[in-house]
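The values are calculated or read from the model by the stated rules, or taken from the named source; none is laboratory data. Note that the structure is a prediction, hence the values are computed from the model and not measured. Every residue, glycine among them, receives a Cβ derived from its backbone with ideal geometry; neighbour counts consider all protein chains shown. Note: accessible area is taken over every heavy atom of the protein model, side chains too, but ligands, DNA and RNA are not part of it. Shrake-Rupley method; radii C 1.70, N 1.55, O 1.52, S 1.80 Å.
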Amino acid sequence: MLLHVIARGKIARSPEAELVARYDKRLTWPTKLTELPETGGRIPDPLTPHRTVLLDERGKALSSEAFAELLGKWRDEGIREARFVLGAADGHSDEERAAADLLYAFGPATWPHLLARAMLMEQLYRATSILAGHPYHRAG
């Protein structure tokens, strides 16, 4: 299953970009990173079937294990692409929220956009490591 991170704004050269690249390199699942301008731009058509996850402050906070379980379920159901969309500064529209399969939040705090992108990549790496039985995740 392709893990496709779609983000508004350019990450450029930054410590966050280094973290994103570090986790992207570690991931054994196929990944794709797409950057769009702050406004406009077109999200590429998805592979089908797919699931869309919006990172949203009103979303559900999942433990790493629950997130891994969800990705594993989608993979096992034959989902070809899981899309993780980070919106611009004003977030997502009501229509985008309604169409999403999951609204996902990193807890109740507000996070800087670039840091949220790095945190998402780490959680994707952690989730795929959990599914592979890799010792990276030390639960309990």
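Inside segment 60-83, can you point out the residues that are at negative phi and of a type in the set (Gly, Ala, Ser)?
Correct list: Ala61, Ser63, Ser64, Ala66, Ala68, Gly72, Ala82.
Residue check: is Tyr125 hydroxyl-bearing (Ser, Thr, Tyr) and touching a residue at least 24 places away in the same chain (Cβ under 8 Å)?
yes
Counting only residues that are exposed (fewer than 15 other Cβ atoms within 10 Å of the Cβ) and either free of Cβ contacts under 8 Å to residues at least 40 places away in the same chain or not small (Gly, Ala, Ser) (or both), which one in segment 102-122 is nearest to Leu70 (Cα to Cα)?
The extreme case among them is Pro108.
Take Gly40 and decide whether it is open to solvent by less than 60 Å² (accessible area, probe 1.4 Å) and at pLDDT below 95.
Details: open to solvent by less than 60 Å² (accessible area, probe 1.4 Å): yes; at pLDDT below 95: yes.
Here the answer is yes, as Gly40 does meet what is asked.
Among the residues of segment 18-70, which ones are of a type in the set (S, T, N, Q) and either free of Cβ contacts under 8 Å to residues at least 60 places away in the same chain or outside any loop (DSSP other than H, G, I, E, B) (or both)?
Listed by number, the residues that qualify are Thr31, Thr34, Thr39, Thr48, Thr52, Ser63, Ser64.
Quick one: is Glu96 open to solvent by 40 Å² or more (accessible area, probe 1.4 Å), within 20 Å of Ala116 (Cα to Cα), modelled with pLDDT under 90 and of a type outside the set (S, T, N, Q)? Full working, then the answer.
Numbers: open to solvent by 40 Å² or more (accessible area, probe 1.4 Å): yes; within 20 Å of Ala116 (Cα to Cα): yes; modelled with pLDDT under 90: no; of a type outside the set (S, T, N, Q): yes.
No.
Just name the residue that is most open to solvent (accessible area, probe 1.4 Å) out of those in segment 20-37 that are under 24 Å from Gly72 (Cβ atoms) and hydrophobic (A, V, I, L, M, F, W, C).
Only one residue tops the list, namely Leu33.
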